[in-house]
Every structure is written in C-alpha cells, then in structure tokens.
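Notes for the one structure printed next.
The values are calculated or read from the model by the stated rules, or taken from the named source; none is laboratory data. Computed from a predicted structure; not experimentally measured. Neighbour counts run over all protein chains shown; Cβ positions are idealised from the backbone, glycine included.
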Amino acid sequence: MPSFIRQTVMVVFVMGCFAISGCNSHGRRDQQVFYYNQPEGIGTLDPAFAKNQPIMWATHQLYNSLMEVDQDLKIVPALAKSWTLSSDRLTYTFIIRNDVYFHDHPVFPDGKGRKMIAADVAYSLGRILNPQTASPGAWIFNGRVDSLQPFTAINDTIFQLKLKSPFPPILGILSMQYCSVIPHEVVEALGKDYGRHPCGTGPFMFKAWEEGQALIFLRNEKYFERDSAGNSLPYLDAVKISFLDNKAGEFLEFQQGRLDFMNDIDANFKDEILSRNGELKEEWKGKIILQKHPYLNTEYLGILQDSSNPLLKNSPLRLKKVRQAMSYAIDKRKMMLYLRNSIGIPAENGFVPYGLPGFNDNRPTGYVYDPAKARQLLVEAGFPGGKGLEPIKLLTIPIYAEMGAFVARQLEEVGIPVQVEAFQRGTLLEKIARQQVVFFRGSWIADYPDAENYLSVFYGKNPSPPNYTRFTMPLFDELFQKALTETNDSIRLSIYRQMDQLVINEAPVIPLWYDMAIHLVNPRVSGFYPNALNLLELRRTRKKL
C-alpha cells in the first residue's frame with residue numbers, strides 16, 4: 001500500500017467519525033447521517049467485483065454508470081445524456097455528460113478530482129473484459145461485444161459500443177454496478193488496493209473504512225444531479241455502514257434508533273413483527289415503517305437434466321412425469337402463509353417473475369397445488385403410490401432448511417420420499433456448478449430488468465452457471481436466438497412467454513415463489529423508495545433529526 005494512503009487512512013477515519021457525530025460546539029447544524037448494517041460484510045469497493053448485494057449496495061453510492069434503472073424498471077440515462085443505435089443494431093453511440101467530476105483523491109494532482117470523459121467509460125468497460133482484472137462480471141460482455149474494438153472514445157463526450165450481434169438487453173447490462181465508471185490513474189496507482197480506496201463520480205464519496213467496524217461515505221458536494229426544484233443531490237450528509245454479524249443484535253440496534261433501516265426480517269422474530277398476512281402487528285404500528293415490494297428474484301427447486309450424467313442413470317427425476325408430479329404436490333400458497341408470512345407471491349406461473357415490464361398478465365400456465373394430479377402422474381410414470389421410488393436427496397443451505405423440510409413433507413404425502421441435506425452456500429454452489437447434485441434449492445436474482453436474463457438460465461449453449469440444470473431443447477434455443485434479433489418489443493415479449501412455457505412444461509425447475517423485498521424503516525426517514533432490483537437508493541433520502 002502506498003505510504004500516502006496508509007497515512008490518509010488513519011487521519012480520514014478519525015476525521016470521518018468526528019464529522020458525522022452531530023452538532024459541534026460552534027453551533028454547526030446536526031448532519032443527516034443514514035445508518036445501516038451489513039451483516040455479511042463487504043469485501044471490496046471495486047465495482048469490477050460487485051457480484052453480491054453488499055458490494056452492489058455500497059458501490060451504488062460511490063459510482064455512476066452510463067445508464068440506470070428507474071423506479072418503473074425503465075432504462076434511463078445516467079452519465080450518458082442520450083444515445084443512438086445504428087441501422088444494423090450493432091453500434092450504440094452515447095453522448096456523455098460534460099459536467100461530471102471524479103471525487104477528490106490523493107492520486108490526482110493537488111488531490112482534486114478531474115472531469116470524467118468518454119475515455120474513462122471505454123477504460124472502465126474494457127477493464128471488466130481484461131483477463132488480468134479477473135472480474136466475475138466478464139460474462140456480461142463475453143460473446144456479446146465486438147472482439148476487436150468493443151469500446152471506443154470518439155472524443156471527450158462521445159463513446160461508442162460495438163456488438164458482435166444484436167442484443168436488445170445491452171442497455172440494461174450497462175446499468176449494472178460492474179459497469180461503473182472509474183478513473184484509470186487511481187486504479188493504476190493503487191493496483192489491488194484500489195478496492196479499499198475507491199474513487200467514483202457518485203452521490204457519496206469514500207471517507208473511511210475500519211475493517212469489521214464501520215465504513216463511512218460523505219456527501220459529494222460536486223455531484224451533478226439535482227431534484228425537480230433545482231436542489232443539489234443527495235440530501236444526506238453521510239452514510240455509515242456497520243458490520244454486526246448477528247441479526248438479533250442488528251434488530252436491537254434498529255429498535256433503539258441506531259439504524260435507519262433493516263433489510264429483511266430474521267426468521268427468529270418475523271412472527272413477533274408480522275401477521276400471517278404479512279402486515280405489521282398492532283404493537284409495532286407507528287414505531288416502524290414496513291415496506292414491501294416485488295423483487296425480481298425467483299426462488300425455485302432445480303433438477304439436473306444432463307442425461308449423460310451418471311447421477312441421472314437410475315434417478316426417477318429423469319422422467320418428466322415425476323418432475324411434473326413434484327410440481328403439483330407442493331402447496332406454495334400454504335408455504336408462503338406459514339413459512340414466509342405472505343412475503344412473496346406463490347410461483348404458479350413461469351420462471352420469469354412478476355414485476356418485469358410487460359409480464360403483469362397473459363403469463364405462462366404453471367402448476368397449482370393438486371395432489372390428486374400428482375398421484376395420477378406417478379401412476380403413469382410407473383410408481384403408483386410412490387412404490388419403487390428410492391429416497392431423493394434435496395440439497396439446500398441452512399437458512400432454507402425449514403423450507404426443505406416443508407417440501408419433503410409435501411412430496412412424501414403423495415408418495416415421493418425426500419431426504420434434506422444442508423450445505424454451506426459456497427460448497428453447495430460449487431457442487432451445483434459441477435453437476436454433482438440432482439435436486440437442489442436455488443434462486444435467480446435479476447442482473448438487469450429483461451426476461452432474457454432469466455431465460456438464459458435454460459439456453460443450451462450456456463455453461464453452468466447460469467444453466468445449472470443443464471437443460472437443453474432445440475426449440476427453446478431457436479426461440480432464444482429469435483428473440484435477440486426481434487426489433488418489435490411486443491413480439492419479443494411474446495417469444496419470451498413461449499420460452500417460459502416450454503420450461504414449465506418440461507419442469508427442469510419447480511418455481512416456489514416470486515420474491516418480495518421487505519424493509520423495516522425508521523419513521524424519521526423519508527424519500528427512501530423501494531425498487532424491484534432491491535438496490536439501496538439514497539440520493540433522495542432525507543432524515544428528520
């Protein structure tokens with residue numbers, strides 16, 4: 001680590017803690033500080049590694065990308081002012097804002113942040129693809145952008161992106177945290193230490209980070225966005241992130257007003273706060289604001305489809321009628337009521353969740369609870385009453401063990417014996433990716449708001465991930481390619497629905513529920529709006545003191 005960074009860390013942390021401590025002896029106003037906890041910790045603030053929610057939430061405060069997703073899941077300009085698409089639908093030309101500056105940083109001359117230009121966009125996106133970066137986000141461009149010159153700065157305010165073939169979701173991809181714009185000289189000066197001392201253009205700028213204790217961001221006084229009245233954003237003066245790894249302790253901190261919001265509710269005390277219908281109990285009304293909103297996440301059970309895998313040789317799950325019987329045997333509405341306090345929507349339709357634009361009605365037909373139909377399908381598959389079926393292992397992670405037990409009971413009621421085994425998340429994901437698991441619990445969270453992101457999970461040419469089940473069907477693959485070349489949005493949505501229906505018919509997955517994000521919010525907080533990608537959006541948040 002460069003010496004000036006080491007010196008700055010200690011000074012910055014002390015000054016940062018002091019700066020957000022409130023009204024000082026000279027009568028300076030109390031500052032609006034937003035406090036939240038990140039129990040999983042944060043590994044880096046380098047957006048090239050924004051592969052999970054904790055990193056995405058933090059980097060969203062520090063950086064901007066060319067495009068962003070608004071509250072209605074529409075793709076709108078951010079660092080770009082506008083864009084055009086060539087007639088062959090391969091070249092996007094973006095006009096870049098000329099009023100955006102990077103945060104002040106010791107690497108810059110005199111420590112003052114410089115203006116952001118188109119070359120910074122080209123550098124940032126190219127860095128994701130660079131093998132030396134080893135970004136887990138390289139997949140967003142691999143096989144999609146031109147292999148020779150994908151990113152070009154025409155001049156300081158014009159940037160071009162060239163595709164290998166038409167790909168309508170590319171604007172959504174450009175809104176991802178991976179695509180945040182960063183200054184090359186800071187990255188190159190700090191190397192691997194950049195993720196600990198970041199520099200962006202976002203509404204907040206990095207101030208201090210004490211491992212395992214606190215992370216502090218301060219308001220970017222030079223931020224380019226304004227509200228409808230012309231006031232500079234953000235309204236908050238600072239954000240302080242703590243790292244309590246105990247959910248009970250986090251809830252206590254929230255109760256006592258030392259945290260401004262909580263994401264999700266721990267199973268140990270959800271029944272204390274919520275009714276079965278997912279509403280605040282009477283004793284909590286006025287003390288907590290409950291926010292619930294659709295979240296683009298499908299929770300499901302996956303079933304391996306690779307017929308060449310020895311694990312499937314004698315498995316009854318190789319038979320479609322057995323998989324369909326399992327889909328009919330699970331009472332998803334009961335599961336939501338008793339296990340989830342109605343937080344979520346029973347997945348009785350396709351794999352693509354509710355909430356995506358254009359998917360509110362006319363959805364594919366899925367499976368509703370019908371144990372009689374399940375038993376009949378078992379008879380047709382050659383297992384009347386489950387006779388001849390060996391126990392099937394369902395692999396999950398510890399926090400979903402209760403859900404696994406519920407599924408096992410439901411399946412056993414129609415004659416399908418199931419054993420539930422829990423593994424740590426990393427171990428299970430590795431086993432699934434290597435096709436070492438036949439039956440597993442999974443989830444798919446939207447990377448960008450387009451159904452293609454969900455349907456790519458079943459595209460036969462995709463590896464694992466994302467095609468964890470190794471599903472393959474020539475008709476599905478044909479429709480997938482057709483959708484990507486379709487210029488009419490309505491027709492493309494219709495093709496997406498056909499593909500979703502094909503998946504449901506073949507049952508390589510059993511969708512369980514379409515998720516909802518749930519936030520507990522301090523009543524002093526306003527302008528804290530939910531969104532279907534469950535990003536932490538603080539630009540327009542205020543806090544009463």
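When region 401-429 is examined, which residues are found to be in contact (Cβ under 8 Å) with a residue 40 or more places away in the chain, surrounded by fewer than 20 Cβ atoms within 10 Å (Cβ to Cβ) and within 19 Å of ALA267 (Cβ to Cβ)?
Within region 401-429, GLU402, PHE406 qualify.
Residue by residue through region 82-122, note down the ones that are surrounded by 20 or more Cβ atoms within 10 Å (Cβ to Cβ) and part of a helix (DSSP H, G or I).
ALA118, ASP120, VAL121, ALA122, listed by residue number.
Would you pick out the residues in region 189-230 that are on the phi > 0 side of the Ramachandran plot and either β-branched (Val, Ile, Thr) or touching a residue at least 24 places away in the same chain (Cβ under 8 Å) (or both)?
If the condition is that a residue be on the phi > 0 side of the Ramachandran plot and either β-branched (Val, Ile, Thr) or touching a residue at least 24 places away in the same chain (Cβ under 8 Å) (or both), then GLY212 is the only one that fits.
Can you find a residue that is surrounded by fewer than 17 Cβ atoms within 10 Å (Cβ to Cβ) and modelled with pLDDT of 95 or more anywhere in region 502-518?
Yes, region 502-518 contains a residue that is surrounded by fewer than 17 Cβ atoms within 10 Å (Cβ to Cβ) and modelled with pLDDT of 95 or more.
Among the numbered criteria (1) surrounded by 19 or more Cβ atoms within 10 Å (Cβ to Cβ); (2) part of a helix (DSSP H, G or I); (3) within 31 Å of the chain's Cα centre (by Cα), which one does GLU272 miss?
Every listed condition holds for GLU272 apart from (1).
Would you check which residues across region 231-258 are closer than 24 Å to TRP284 by Cα and free of Cβ contacts under 8 Å to residues at least 60 places away in the same chain and list them?
Passing the criteria: ALA248, GLY249, PHE251, LEU252, GLN255, GLN256.
Quick check, is TYR354 modelled with pLDDT under 95, aromatic (Phe, Trp, Tyr) and in the same structural domain as THR472 (by TED's automatic domain parsing)?
Yes: the conditions hold for TYR354.
Kindly check whether there is at least one residue in region 282-294 that is part of a loop (DSSP other than H, G, I, E, B), in contact with a helix residue (DSSP H, G or I) (Cβ under 6 Å, 6 or more places away or on another chain) and outside the structural domain of GLN324 (by TED's automatic domain parsing).
No.
Taking the condition of being within 21 Å of the chain's Cα centre (by Cα) and without any contact (Cβ under 8 Å) to a residue 12 or more places away in the chain, how many residues in region 134-154 meet it?
Residues flagged as within 21 Å of the chain's Cα centre (by Cα) and without any contact (Cβ under 8 Å) to a residue 12 or more places away in the chain within region 134-154 amount to 3.
When ILE5 is evaluated against the numbered criteria (1) outside any loop (DSSP other than H, G, I, E, B); (2) modelled with pLDDT of 95 or more, which criterion, by number, is the only one it fails?
So the condition that ILE5 fails would be (2).
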